[in-house]
Amino acid sequence: MSTAAVVLVLVTCAAAAFDVRTRRIPNALTGAAAIAALAVQVPAGAPAVLLSLAAMVAAFLAGSLAFSAGWFGGGDVKLVAVCCALAGFPGAFSLVLYVLVAGAILAVVTALVRGRFLALVRSTASVAAHGAPVQATPLPYAIAIAGGSIAYVVSSALPVLRLPL
């Protein structure tokens with residue numbers, strides 16, 4: 001397992017623990033992880049560092065749009081950006097796909113547990129049909145980010161488990 005993969009799993013699991021307990025992801029954690037994400041790319045050379053930085057910036061910009069729509073919290077956006085830097089390019093694409101799948105699973109399970117599954121389906125259909133704003137119950141989304149990151153790392157080690165893109 002690469003150093004980047006180890007950092008990815010450790011950072012996202014720590015963030016999930018913070019998110020569950022406090023409903024926040026500390027800036028110190030994502031800031032340190034951003035530095036680590038770029039540092040682990042240094043041995044591969046300047047192009048790897050620049051691609052990692054580009055993946056982080058692109059994820060942050062896309063995440064900022066999701067944040068402004070109310071779909072994600074600011075800490076979640078920063079955490080996903082750091083994760084994309086750790087995955088690098090083109091791995092960030094797969095990582096985001098795994099995180100989104102894990103997020104969908106988290107939302108469905110949470111809705112089922114809370115007896116709000118039909119409300120989730122109606123809300124999702126409304127967004128799909130009309131782009132209506134979501135009146136969602138906030139989730140500790142770092143759980144999904146950690147789950148997606150772990151799935152990404154496992155699928156990288158075991159290609160038979162990769163999601164087809």
| said: Quick test of your reading of the structure: GLY115 fulfils all but one of (1) at positive phi; (2) crowded, with 16+ Cβ neighbours inside 10 Å. Name the failing condition by number. | reply: (2)
| Among the listed residues THR3, THR12, which satisfies the condition of being of a type outside the set (A, V, I, L, M, F, W, C) and at pLDDT 95 or above? | THR12
| Flag if GLY70 is small (Gly, Ala, Ser) and within 18 Å of VAL11 (Cβ to Cβ) | no
| task | Go over the candidates PHE67, PHE89, PHE93, PHE60 one by one and state the one that is within 18 Å of ILE150 (Cβ to Cβ) and surrounded by fewer than 21 Cβ atoms within 10 Å (Cβ to Cβ). | result | PHE93
| query | Going through the range 1-16 one residue at a time, which ones are among the aliphatic types (A, V, I, L, M) and in contact (Cβ under 8 Å) with a residue 24 or more places away in the chain? | reply | MET1, ALA4, ALA5, VAL7, LEU8, VAL9, VAL11, ALA15, ALA16
| field | For VAL113: the one exception among (1) under 27 Å from VAL6 (Cα atoms); (2) over 15 Å from the mean Cα position of the chain (by Cα) | value | (1)
| message | Kindly evaluate ALA59 against the criterion of being in contact with a Cys (Cβ under 6 Å, 6 or more places away or on another chain) and in contact (Cβ under 8 Å) with a residue 12 or more places away in the chain. | response | yes
| Among residues of the range 12-28, those that are farther than 13 Å from LEU86 by Cα, assigned to a helix (DSSP H, G or I) and touching a Gly at 6+ places or on another chain (Cβ under 9 Å), counted | 5
| assigned to a helix (DSSP H, G or I), of a type in the set (A, V, I, L, M, F, W, C) and over 12 Å from the mean Cα position of the chain (by Cα), is that true of ALA58? | yes
| request: Of all residues in the range 37-49, count the ones that are assigned to a helix (DSSP H, G or I) and touching a residue at least 40 places away in the same chain (Cβ under 8 Å). | output: 3
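The values are calculated or read from the model by the stated rules, or taken from the named source; none is laboratory data. Quantities reported herein were computed from a predicted structural model and do not represent experimental measurements. Neighbour counts run over all protein chains shown; Cβ positions are idealised from the backbone, glycine included.
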